[in-house]
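The values are calculated or read from the model by the stated rules, or taken from the named source; none is laboratory data. All values reported here derive from a predicted model rather than from experimental measurement. When we count neighbours, we look across all protein chains shown, and the Cβ atoms used for this are built from the backbone with ideal geometry, even at glycine.
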Amino acid sequence: MPLSSPAPRKLMHTRAIECRGYEREDGLWDIEAHLTDTKTTPHTRREGGRERRPGEPVHDMWIRVKQAERSLPEEPSGSEPTPPAAAPQSTDDYMGYFG
């Protein structure tokens with residue numbers, strides 16, 4: 001169902017999520033996801049850090065999950081760039097989604 005015409009506006013933020021599924025030679029599946037957040041204007045985080053140019057990712061996050069029956073073992077994940085205050089716990093937080 002198409003959306004109605006919006007009020008006048010300008011794009012400020014884009015979050016893009018791409019997920020891909022791969023069948024492995026051993027019969028299991030890898031699911032990889034990539035999330036990016038970009039702004040249309042220069043952006044500096046409230047927590048500090050360097051200024052990001054328009055279109056430069058504020059978040060650039062990846063995760064790979066292996067499907068094996070009904071269990072999800074630990075697999076590599078990462079996030080770049082990550083706000084300084086969240087960096088140490090980011091990878092652990094991913095696994096919290098899976099129990």
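For the reader, a short list of remarks on this structure follows.
- Just one of the numbered conditions (1) surrounded by fewer than 11 Cβ atoms within 10 Å (Cβ to Cβ); (2) at pLDDT 65 or above is not true of GLU32: (1).
- Qualifying residues in the range 47-69 (those that are part of a loop (DSSP other than H, G, I, E, B) and within 15 Å of HIS13 (Cβ to Cβ)) - the one modelled with the lowest pLDDT: VAL58
- Candidates in the range 1-35 are the residues that are among the acidic types (Asp, Glu) and in a strand (DSSP E or B); of these, the one that is nearest to ILE63 (Cα to Cα) is GLU32.
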